[in-house]
Amino acid sequence: MDFNQTEDGKTDFGQSGFAKGHPQEELERQYYFIETCRQYVEAERKRLGRPLTAKVVTFGCQMNARDSEKLSGILAAIGYEKADSEEADFVIYNTCTVRENANNKVWGRLGYLNTYKKHHPHMKIALCGCMMQEPEVIAKLKKSYRFVDLVFGTHNIYKFAELLCRSFEEKGMAIDIWEDTDKIVEDLPVERKYPFKSGVNIMFGCNNFCSYCIVPYVRGRERSRKPEDIIKEIKKLASDGVVEVMLLGQNVNSYGKNLENPITFAELLQEVEQIEGIARIRFMTSHPKDLSDDLIAVMAASKKICSHLHLPLQSGSSRILKEMNRRYGKEQYLNLVQKIRTAIPEIALTTDIIVGYPGETEEDFQETLDVVKQVGYDSAFTFLYSKRTGTPAAAKEDQVPEGIAKERFNRLLEEVQRQAAKRANAWTGRVVPVLIEEVNEQDGSLVTGRMENNFTVHLPGGEDMVGKIVDVALKECKGFYFYGEAVST
Ligand code: SAH
Ligand code: SF4
Ligand code: F3S
């Protein structure tokens, strides 16, 4: 393991206990630290005469969102109450570094936290997540951000209580970053954001090394959780009232390949389908290169798997796709889409597209536009290429000038929106199941929910409908969302 550092001459808890130990012992060890932290927090509460509050701020993807639920679970077990804002006793930034702007947001907000902390010196600040896996970030923090109390990465978030304990006991910045791990610790506390739906990690890390992407460097090698652990977790969620699960992995289609007893993603889905109480199954992300015929067949036959597939394209140009190390070409992608639509005609397809990859020409860009037109996505996340230090693409000399990339980006967005509006409009007048997620923030007489294809629907209703799946007549399409009315069945 690389830079597992200890500062200010502190004892290095490091991985020593863990490397020798067994995940079960590690679990007990962490519960011990949770209890110790709880005592520190209780003492602080008595001293201040009020409860201590904590705020977790999440940047980035669903993986990070799920990690934040784990952090929140540990915080609750330690005795922190939830704060509404960053004006709290403990602030945790769970960071993302997939694009430069994700990174910049964190630096900006840290400046604000520094000012706040000057007036509230007892406050604690923790940084964790993908950005912390970058050595340059750690160097910058150590040099100019000494007011940060805790720094840890993506591989050791289960050690959160242990590190916090260290920070209660010793002065200075507690840093613990691991380069990679092959261990998965199960059964620590988790606090879910929604009572009725939940993300479920099925695997961690990524082995694909797409040439532009930093994720494999900051999340480490691919590791699948055992199917029995996943099933156990989902059964528990179902018994707690969860009706929708989102199976999470950077490339769910390669799930299970490296397990002692290999199993495919399609087989895992069939097992999840059997779990009573779960009504909807979603997953992300599917890499087109690994999407199997078996998966398509399982989706087509399933009553619970949502009729939605997120299938990142990245570029429509076979030449650029090769440079990106995506291991599929334009024709292959289009054939795959055709195969999926033949088996599941109403499926919603969504995607991710990068504009301005180094060396992208107008012709390459036209290929991307062509795929968007041919596929007709229900929605698409479009990104300006962002240079990530350490990735092969960052070293390329033919970076596309920002002005050209932005102009292409705008043209792409227009086409994506045109296609999405066309797809959405076609649903008007139909009756579809909608999972009601919340009372509408702007108009309390409405509730807001999601269709299987992830479109948002607003309809008259109240709090009692939240978490239920109701049949809704879609009355009016507003481009990306609908107004509807519940129909009694
Ligand atoms: N594992 C997922 C993607 C995770 S990152 C997959 O392969 O689909 C989410 C999205 O961020 C990617 O699909 C890609 O479109 C975008 N992305 C990743 N690196 C990027 C970069 N350097 N610049 C711009 N967008 C990037
Ligand atoms: Fe990044 Fe590619 Fe892995 Fe997705 S599959 S996380 S884009 S390297
Ligand atoms: Fe960002 Fe890390 Fe996710 S870099 S996109 S939070 S895996």
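The values are calculated or read from the model by the stated rules, or taken from the named source; none is laboratory data. Given the structure is predicted, the values throughout are model-derived calculations rather than measurements. All Cβ positions, even for glycine, are placed from backbone atoms using ideal geometry, and neighbour counts span all protein chains on display. Accessible surface is based on the protein model in full, side chains and every heavy atom, while ligands, DNA and RNA are left aside. Shrake-Rupley method; radii C 1.70, N 1.55, O 1.52, S 1.80 Å.
What to note about this one:
- By accessible area, using a 1.4 Å probe on protein heavy atoms only, segment 395-489 has 49% of its surface on carbon and sulfur.
- Carbon + sulfur, % of accessible area of segment 230-293 - ligands and nucleic acids excluded, 1.4 Å: 46
- Residue-normalised accessible area of segment 312-441, expressed per residue, 1.4 Å probe, Å²: 47
- Three-way shape label, segment 371-485, alpha-carbon gyration tensor, a/c 1.5: prolate
- Prolate is the label for segment 256-369. Its Cα gyration tensor axes, ordered a ≥ b ≥ c, give a/c of at least 1.5 and a/b above b/c.
- The value of relative contact order for segment 131-226, using C-alpha pairs under 8 Å at least six residues apart, is 27 percent.
- Label-point separation, Glu136 to Ala395 (7 Å along Cα→Cβ), nm: 1.5
- Candidate cross-link partners of Lys304 among the lysines, defined by an alpha-carbon separation under 16 Å and a same-chain spacing of 8 or more, comprise Lys197, Lys235, Lys468.
- In this rough spin-label picture, where each label sits 7 Å from Cα along the Cβ direction, the Ala65-Arg109 distance is 1.5 nm.
- On Cα atoms only, tilt of 362-375 relative to the major axis of the chain in degrees: 70
- Over the chain, DSSP H runs of length four or greater, each weighted -39,500 (n - 2.57), average out per residue to a 222 nm ellipticity of -12000 deg cm²/dmol.
- Relative intensity, log₁₀ I(q)/I(0), of segment 83-188 from a Debye sum that treats every alpha carbon as a point, q = 0.12, 0.20 Å⁻¹: -0.40, -1.12
- Per residue, the average separation of C-alpha pairs within less than 8 Å and at least 6 apart gives the chain a relative contact order of 10 percent.
- Between the beta carbons of His122 and Asp240, assuming R0 = 51 Å, the FRET efficiency works out to 0.90 to the nearest 0.05.
- Mean Cβ count within 10 Å, highest first, over the residues of peptides 250-263, 129-142: 129-142, 250-263
- Three-way shape call for segment 355-394 based on the alpha-carbon gyration tensor, with the a/c threshold at 1.5: oblate
- Length gained on full extension, Leu27 to Arg418, computed as 0.36 nm times the residue gap minus the Cα-Cα distance: 135.7 nm.
- Reachable lysines from Lys478, criterion Cα separation under 23 angstrom, eight or more residues apart if same chain: Lys373, Lys422
- Rg to Rh quotient for the chain, alpha carbon positions, Kirkwood Rh: 0.97
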